[in-house]
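Taken together, the values in this text are just the output of simple stated rules run on the coordinates, not laboratory data. Since the model is a prediction, treat every value here as computed from it, not as a measurement. All Cβ positions, glycine included, derive from the backbone under ideal geometry; neighbour counts span all protein chains shown.
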Amino acid sequence: TYTTDTKSREENKKTIESLYRLSVDIKKIRRLKEWVLLQDVAYVKEIAGILQEMGADETAVANILERCPEAILHTPAEINSQRALWQLVCQNEKQLIKLIEQFPESFFTTEYHENQKANILFFQELGLKNNIITRFLTSAPNIFYNPVEKNKNVIETLQRNYLSLGGSDANMKIWILKLLSQNPFILLNTSTAIQENLEFLQKNDFTDHEVLQLLSKLKGFIFQLTSTTMQKSMLFSKNVFKCSDQELKQLVLKCPALLYYSVPVLEERLEGLLKEGISVAQIRETPMVLELTTQIVQYRIKKLSALGYDIKSGTLENLNGTKKDFEVNYGKIQSKKERPIFNPVAPIHTED
């Protein structure tokens, strides 16, 4: 909505002076978004005033305007409407100003105001807690730009499929809310894409129960894939592990990453493991190790080797899991190594 043609334009002196009075780093704005300073109309004092009213101090105001200078191009009426909208899900203005400081771009995107409002009300009706909705507003703002009908459509498709796959009415709401809070970006997909991906799994002999299992394990990320990429990834795994269709299916259920990651990613991770002296048989036994990046695997192997643990002959289970899981496993191996070999119930041999 703003012109970005800067060739024949001059900076707006009034805007510069107003920003200068607020201790805003003008050089920073010139470097990143100079076009903002060239606009004929800006509402510097007014926007700063609204932020101060909400509890922002001088430093906070300057930071917000440096990070999102286009805020000054919005009218006070637009910003007040946005403020009222976000207050629907914020506990108080203190929380609101904290969010604006962290995510100014999300707050100052006012073009989709009506869609944002309709979607906030829809999510509340759906049963999402306000703290989850605020998380969406800041980390996945574009789901609010969709017309509410589009988001409703996706939710209805998920609900319909959940029931047709054998999910119960009683659990459906919890399942949907959990899926959404894990991955709000599901809403950026089309109902058709969701349908196609589920049909692909069914055609590959996954039972309804197994499809539901995969949806939950993959936190809905399966909808960001296409049947072509899933087919390629499965074929790659089948060739690497030299297994039957049934065995491949069991591997995918054990490690959905085999379905989720593209062939180049799986190839790179596999090569990284083989370079460390790990065999394909070991990987097949513990495929979840492919969920880790090559760097993480190398770091963990190095730490375990320092304790004298030989990954080539040991189990890969100790490499697996989150950072926390690994630290727990590592701690167990470490304490086992440090513990003296002493059996308290063994008879003590003393000389007569």
Nearest 10 degrees is fine. How inclined is helix 245-254 to the longest principal axis of the chain, computing both from alpha carbons?
60
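Report the Rg/Rh value for region 206-293, based on alpha-carbon coordinates and the Kirkwood definition of Rh.
On the way: Rg = 12.5 Å, Rh = 13.2 Å.
Rg divided by Rh gives 0.95.
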Region 40-86: relative contact order in percent, alpha carbon pairs under 8 Å with at least 6 residues between:
52
Can you give the Rg and Dmax of region 146-194 based on its C-alpha atoms, in angstrom?
10.5, 30
Picking from ILE155, LEU212, VAL263, whose Cα lies most toward the positive end of the charge dipole for the chain (charges on Cβ: Lys, Arg +1; Asp, Glu -1)?
VAL263
For region 38-92 versus region 118-162, the gap between their alpha-carbon centres in whole angstrom
25
State the dimensionless ratio Rg/Rh of region 160-230 (Rg: radius of gyration of Cα atoms; Rh: Kirkwood radius).
0.93
Computed magnitude of the charge dipole of the chain (debye, nearest 20; Cβ of K, R +1, Cβ of D, E -1)
460
Which entries of LYS203/LYS249; LYS275/LYS332; LYS219/LYS254; LYS173/LYS324; LYS94/LYS178; LYS98/LYS324 have Cα-Cα distances beyond 20 Å here?
LYS275/LYS332; LYS173/LYS324; LYS94/LYS178; LYS98/LYS324
Considering only DSSP states other than H, G, I, E and B, which GluC sites (Glu not before Pro) in region 90-154 qualify as loop sites with at most 16 other Cβ atoms within 10 Å?
GLU111
Normalised by the number of residues in region 1-155, what is the relative contact order in percent for Cα pairs under 8 Å and 6+ residues apart?
19
Radius of gyration and Dmax over the Cα atoms of region 220-347, both given in Å
17.4, 67
Compute the long axis of helix 263-275 from its Cα atoms, compare it with the longest principal axis of the Cα atoms of the chain, and write down the angle in degrees, 0 to 90, nearest 10.
50
What is the Cα convex hull volume of the chain when expressed per residue in Å³?
256
Pairs of Cα atoms under 8 Å, at least six residues apart: use those to get the relative contact order of the chain, whole percent.
8
Bin width 10 Å, origin at 0, all Cα-Cα pairs of region 11-110: what percent of pairs per bin?
17, 54, 25, 4
Using Cα atoms only, what is the angle between the long axis of helix 208-217 and the major principal axis of the chain, expressed in degrees (0 to 90) to the nearest 10?
60
Would you work out which of THR293, GLN195, SER233 lies farthest towards the positive end of the dipole of region 190-314? Charges go on Cβ: Lys and Arg +1, Asp and Glu -1.
THR293
Under a plain spin-label model, where a point goes 7 Å from the Cα along Cα-to-Cβ, how far apart in nm are ASP25 and LEU253?
5.5
Whole-Hz couplings from phi, Karplus 6.51/-1.76/1.60, listed for region 294-301; x for Gly and Pro:
4, 4, 5, 4, 4, 4, 5, 4
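Mind checking the dipole of region 122-264: about its Cα centre, +1 per Lys or Arg Cβ, -1 per Asp or Glu Cβ, Debye to the nearest 20?
In total the dipole reaches around 420 debye.
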Spelling out what I want: for every residue of region 226-243, take phi, set θ = phi - 60°, compute 6.51 cos²θ - 1.76 cosθ + 1.60 (Karplus), and round to whole Hz; glycine and proline get x.
10, 4, 5, 5, 5, 4, 4, 5, 5, 5, 4, 5, 4, 5, 5, 8, 6, 10
Once you order the gyration tensor axes a ≥ b ≥ c over the Cα atoms, which shape class does region 63-177 get: rounded for a/c under 1.5, otherwise prolate or oblate by comparing a/b with b/c?
prolate
Global geometry of region 190-236, whether rounded, prolate or oblate, following the gyration tensor of its Cα atoms and the 1.5 cut on a/c
rounded
